[in-house]
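Structure first, commentary second.
Only the coordinates and a few stated rules stand behind these numbers; no lab work does. In this text, all values refer to a predicted model and were calculated from it rather than measured experimentally. Cβ: placed from backbone, ideal geometry, glycine included. Neighbour counts: every protein chain shown.
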Amino acid sequence: MTRPIHRQAWKSLERHASMMRKVRMRDLFNNDPQRFERFSLQVGELFLDYSKNIMIDKTMSKLMDLARASKVEEWRAKMFAGEKINFTENRAVLHVALRNRANTPIYVDGEDVMPKVNAVLERMRRFSEAVREGQWLGYTGKRITDVVNLGVGGSDLGPKMVCEALASYARSDLRAHFVSNVAPSDIVSTLKKVDPETTLFIVASKTFTTQETLANAHTAKRWFLEHAKDEAHVSRHFVAVSTNAEAVRAFGIDTENMFEFWDWVGGRYSLWSAIGLSIAVHVGFEHFEQLLSGAHAMDQHFLHAPLEQNMPVILAMLGIWYANFFGAESYAVLPYGTRLRSLPAYLQQADMESNGKSVDRDSQWVDYNTGPILWGGHGTNGQHAFFELLHQGTRLVPCDFIAAANTHNPAGHQHAILLSHMLAQTRALMLGRTLAEVELEMREQGVDEATIRRLAPHKVIPGNKPSNVILMRDHTPFSLGMLIALYEHKIFVQGIVWRINSFDQWGVELGKQMASSILSRLLADEPVSEYDSSTNNLIRVIKGMMHP
Ligand code: G6Q
């Protein structure tokens, strides 16, 4: 075993970083008119400009050396071949099979998974078309007008983000709602908006044991039966997406109305599976298929492009550059446009649940940083909120700006205004404003010297803050599929370099177990003494505050 920090390539990057930390990007741009040409890349519908990073050719070649030494290419081949690279759960990692539009065989335990992938897709097509075309009717014979996805985490964030992002493709008479939180306001406020005669509930849970989702599903079913009065009507209004047929049956959903997926689909990688049913119903199956096709196009690029021209690999290695050699603790995802407002939350799970790990492939604690904190928000709103820290804070926060060149909702020059702000931000982050520039400007405005001395330092913007810009021509299902797959593969590459398992989530499991024990104590009358004193007393205080 070679720990990443003992690799030659890593040590060489450390030496190189000590020199690069003194380099200013504004000088790199001034000295090299070709910089944009060399550090930008078009792949299908996506364009990446990564020239505003603190790097030179030598940096990129050393980062690629590290990727090669980490055997990224070999691990990539293993993932696509269905090998069980989720080694703590002994599972294959095959979200790429779900969107394998070429339909080439992919084997898990000697079985080609493509026939069953295609069979579920066909069921999704038939079902979503039946709902959309008014053949699938509610218990009083009315068309379905509202679809409520009941799921949490990976069974919520992906479909929710995609339905919002593709809202322009949705029919106005078929609304999608997402209820995820067990906090009762979520389900109660949604039920107030919908009609039991025309609402379809999709209970989306891989395990079908997730307490929050089942609680919401039971509440929805109770509400439905208060109106419909007859259990027999449940089958017209509740369908399930799960890997657990037995639990689906136990809940009272006919397995005829269950859409299956498999243990080799991780929750946070599952929007391409039947978990995407709400997407297919809301925006139409043909658009869901285009989403899959976009992701497949990115898969093919990731699989075949040399590392130096491989978009996910470039983003991944730049991320490692800042996380491990510049001490960056976080990075920000900044989509420009309202439709992608949930992308940061979606990617937060994808990245942090995948690479927020501390034990490596040899079951050893790591002695280097792994996944960074991902955060962000959509522009321009973020500019009026947290961008100040990006510009003048003490921390280095690399940023990804994301935008489409065109909008589905033109309104005068508004889209151009939006894009101009994005370009201004990425430029301002890189360039900053020096003390000399500030002083000059103030002098030109006739400000007196004493005031200049006092105020000028506050107006200095350090600059030299790295950012990538990812552009798509149009905001289509295909380009969105490419974009999501780009980040999935970026996360994969980083996990390989850090030698961690990006595909389990034992931290999530621990909290789930503890909550079920605490619930029983919260509902019981006796005093609680079995936990730590903080938990015992918080239970006591909460019980004291609860209305009888
Ligand atoms: C995803 C995680 C987690 C999961 C939810 C919901 O990778 O495992 O976010 O998706 O806990 O799980 P179920 O789909 O089993 O309800």
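Select the helices (runs of 4 or more DSSP H) contained entirely in the range 227-297, then report the ones holding at least 2 residues which are within 14 Å of the ligand (Cβ to nearest atom) and of a type in the set (A, V, I, L, M, F, W, C).
Details: elements: 234-237, 245-251, 277-283.
Where helices (runs of 4 or more DSSP H) fall fully within the range 227-297 and carry at least 2 residues being within 14 Å of the ligand (Cβ to nearest atom) and of a type in the set (A, V, I, L, M, F, W, C), they are 245-251.
Which of the residues belonging to the range 3-28 are in contact (Cβ under 8 Å) with a residue 24 or more places away in the chain and either β-branched (Val, Ile, Thr) or more than 20 Å from Met64 (Cβ to Cβ) (or both)? Before the answer, list the steps.
Of all residues in the range 3-28, those in contact (Cβ under 8 Å) with a residue 24 or more places away in the chain come to 3-5, 7-10, 12-14, 16-17, 20-21, 23-26, 28.
Hits for the range 3-28 are Ile5, Arg21, Val23, Arg24, Met25, Arg26.
Does any residue in the range 368-396 that is over 26 Å from Trp10 (Cα atoms) and in contact (Cβ under 8 Å) with a residue 12 or more places away in the chain come within less than 9 Å, Cβ to Cβ, of a residue that is in a loop (DSSP other than H, G, I, E, B) and among the polar types (S, T, N, Q) six or more places away or on a different chain, and which pairs are these?
His378/Thr338; His378/Ser342
Within the group His413, His421, which residue is surrounded by fewer than 19 Cβ atoms within 10 Å (Cβ to Cβ) and either touching a His at 6+ places or on another chain (Cβ under 9 Å) or in contact (Cβ under 8 Å) with a residue 12 or more places away in the chain (or both)?
Numbers: His413 fails: either touching a His at 6+ places or on another chain (Cβ under 9 Å) or in contact (Cβ under 8 Å) with a residue 12 or more places away in the chain (or both).
Criteria check complete, one pass: His421.
Any chance you could count how many residues in the range 322-352 are closer than 17 Å to Val366 by Cα and either touching a Cys at 6+ places or on another chain (Cβ under 7 Å) or in a helix (DSSP H, G or I) (or both)?
Of all residues in the range 322-352, those closer than 17 Å to Val366 by Cα come to 323-325, 327, 329, 352.
When the remaining residues are screened for being either touching a Cys at 6+ places or on another chain (Cβ under 7 Å) or in a helix (DSSP H, G or I) (or both), the result is 323-325, 352.
The total comes to 4.
When the residues of the range 516-533 are narrowed to those that are assigned to a loop (DSSP other than H, G, I, E, B) and over 26 Å from Thr210 (Cα atoms), which ends up nearest to the chain's Cα centre (by Cα)? Walk me through it before giving the result.
If we filter the range 516-533 for residues that are assigned to a loop (DSSP other than H, G, I, E, B), which is where we start, we get 524-532.
From what's left, over 26 Å from Thr210 (Cα atoms): 526-527, 529.
Working: Glu526: 43, Pro527: 42, Ser529: 40 Å.
The qualifying residue nearest to the chain's Cα centre (by Cα) is Ser529.
Quick one: which of Asn103, Asn181 is out of contact with any strand residue (DSSP E or B) (no Cβ under 9 Å at 6 or more places or on another chain) and either part of a helix (DSSP H, G or I) or more than 22 Å from Ser242 (Cβ to Cβ) (or both)?
Details: Asn181 fails: either part of a helix (DSSP H, G or I) or more than 22 Å from Ser242 (Cβ to Cβ) (or both).
Exactly one of Asn103, Asn181 is out of contact with any strand residue (DSSP E or B) (no Cβ under 9 Å at 6 or more places or on another chain) and either part of a helix (DSSP H, G or I) or more than 22 Å from Ser242 (Cβ to Cβ) (or both), namely Asn103.
Would you mention how many residues in the range 130-169 are under 17 Å from Glu289 (Cβ atoms), of a type in the set (A, V, I, L, M, F, W, C) and within 16 Å of the ligand (Cβ to nearest atom)?
Residues flagged as under 17 Å from Glu289 (Cβ atoms), of a type in the set (A, V, I, L, M, F, W, C) and within 16 Å of the ligand (Cβ to nearest atom) within the range 130-169 amount to 1.
Taking the criterion of being within 16 Å of the ligand (Cβ to nearest atom) and either in a loop (DSSP other than H, G, I, E, B) or not hydrophobic (A, V, I, L, M, F, W, C) (or both), would at least one residue in the range 114-129 satisfy it?
No: the range 114-129 contains no residue that is within 16 Å of the ligand (Cβ to nearest atom) and either in a loop (DSSP other than H, G, I, E, B) or not hydrophobic (A, V, I, L, M, F, W, C) (or both).
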